1. Roughly speaking, what is the stretch gain from Thr270 to Arg359, that is 0.36 nm per residue apart minus the C-alpha to C-alpha distance, in nm to one decimal?
2. What trypsin sites (Lys or Arg not before Pro) in region 83-181 are in a loop by DSSP, with at most 15 other Cβ atoms within 10 Å of the Cβ?
3. Once the mean 1/r over all distinct Cα pairs of region 312-421 is inverted, what Kirkwood radius in angstroms do you read off?
4. Identify, among Tyr49, Val197, Ala325, the residue whose Cα sits farthest towards the positive end of the charge dipole of the chain, taking +1 on the Cβ of Lys and Arg and -1 on the Cβ of Asp and Glu, with the dipole about the Cα centre.
5. Report, by chain and number, residues whose modeled amide H sits under 5 Å from the one on Glu276, excluding near sequence neighbours (fewer than 5 apart, same chain).
6. Please list 3J(HN,Hα) in residue order for region 407-421, calculated via the Karplus relation 6.51 cos²θ - 1.76 cosθ + 1.60 where θ = phi - 60°; whole Hz, with x for glycine and proline.
7. Per residue, how much accessible area does the chain have with a 1.4 Å probe, in Å²?
8. How large is ³J(HN,Hα), in whole Hz, for each residue of region 156-168 in order, when computed from phi with the Karplus curve 6.51 cos²θ - 1.76 cosθ + 1.60 and θ = phi - 60°, using x for Gly and Pro?
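The values are calculated or read from the model by the stated rules, or taken from the named source; none is laboratory data. Fair warning: this is a prediction, and the values are worked out from it, not measured in the lab. Neighbour counts run over all protein chains shown; Cβ positions are idealised from the backbone, glycine included. Note: areas computed on protein heavy atoms with side chains; ligands, DNA, RNA excluded. Shrake-Rupley method; radii C 1.70, N 1.55, O 1.52, S 1.80 Å.
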Amino acid sequence: MHTTLHVLAEGPAQVLPARSLMAFTLASHIILVPLGVALPLITLIVHGYGLRRGDRTALLLARRWSAVMAVQFAIGVVTGTVLSFEFGLLWPGLMGRWGDVFGIGFGVEAWAFFLEAVLIAVYLYGWRRLPARTHFLLGLPLPAAALLGAFGILAANSWMNTPRGFTLDAAGNPVDVNIWKAVFTPMFGPQYWHFVVAMLVTAGYVVAGVYAVGRLRGRRDHYHRLGFTVPFTVAAVMTPVQFVLGDSIARQVFHKQPVKFAAMEIVWDTDTHVPEYLFGRLHPGGSISGGIRIPQLDSILAGFRPDTEVTGLTSVPADARPTPAQATLTHWAFDIMVGIGSLLVLLALWYGLVWLRRRRLPASRWFYRCAAVAGVASVVAVECGWITTEVGRQPWIVYQNMRVADAVTAARSTTLWTMFGLVVAVYVVVFASFLVILLKMRARWRLADQQDARAAAGGAGAQTPESGTPYGPRPAVPSGAAPRSEAEGPSSSPKDRP
């Protein structure tokens, strides 16, 4: 059987389609999460900069990014809602037995979702309609609402990795639930901050990558410089922080989930002086083929000493640990994530050194090529991080308390496959629509900028991207000119004031 199918096809016939559907929807949704969590903060940074410096280009960027933020939030509502339903539909054993223990996380996320929806609406509506300072202050709670949503989801996931806050009765059902302990489990802090910083890094590189491509195409005006500098600086500052947090969470996994750590590092037998494998494949029986073997490094990384004992997969029975195929997938995902993180650290150092020495952006085209790729690479690293977290925990859906096979729905597998096909079709339409909307917004913004530039060059006194402001009267559209995009604001008379 193909390795991927072997990883998924354990237990009842429903497990394979249920896992496939959950994996697809989660992998799709997580593409949007960095912008949902971190773009509000990045937008407010450039917004505050624009107000403080009187930089109208920064205000224009903030307004356009807020429009992207709103569209992304609308798409995220669809993909996130599907995931919420899937917990109940695909895994009734999990929710029926454990929902009272860890369900508080989903409740927090729901409240954060409604709060964020209201705040985004107010912030988007406030351009040209509210005084500048009032509008900015009303936007300040947005990053906190986004972080609150991440708090709820990470609380639930960290509980599944290190379940706490309950006792089991004679029938094995959880009683005496302590919500505080169920939320703040041993893995919550490391997972939460690792995730939040990853979102800042990813969103920063994704947004900056758009303007890096513009730079490579010869657009070196203030608009593109600022659009690149602000998000890239946020990502570059957070990248080494993320590298340290990643090392910290790996050590937490080593202590709290030793079998998952063994899967991450494909360690078969418990031993000291354990070598580190870069990639490689674990076979039944414990042999490893391929990859690069570095003697003793795994023990050194785990405990700073070569005689550190590393727990192996065989420390638990075969039915309580990841299979060799699952361990290999976890190991590859972990290595890819670490490899991308290491390259991003080098990119951040390149940027920082040039800035410290010359007080300007790097001039090398290779730097901007790397910056353009960094956004995609960051998303891949986030996907790999979730694969490491979820596949490395197998066969447990609640670590050491409930197996995946015991939580899956009793619905017919054919029904689940049909549902899977429908969800894939819907998601293709949803993400295609998202891409089309973004491309149309970009085209309309570029057309508006070109019209403003031509009018300014002709002495008409029209606002350009560098001089236009989203506060104050809207400029009138010259006779015969194409209508301005909604994001630039409809034409109006000078009486139309905030």
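1. Working: separation 89, 0.36 × 89 = 32.04 nm, distance 5.14 nm.
Roughly 26.9 nm would be gained on extension.
2. On the way: sites: Arg97, Arg128, Arg129, Arg133, Arg164, Lys181; in loops: Arg128, Arg129, Arg164.
Passing sites in region 83-181 are Arg129.
3. 17.4
4. Tyr49
5. HN-HN under 5 Å from Glu276: Ile294, Gln296, Leu297, Asp298.
6. 9, 5, 5, 8, 4, 4, 5, 5, 5, 5, 5, 4, 4, 4, x
7. Ligands and nucleic acids excluded, the figure is 46 Å² per residue.
8. So the Karplus estimates, Gly and Pro as x, are 5, 5, 5, 5, 5, 7, 9, x, 9, x, 7, 10, 9 Hz.
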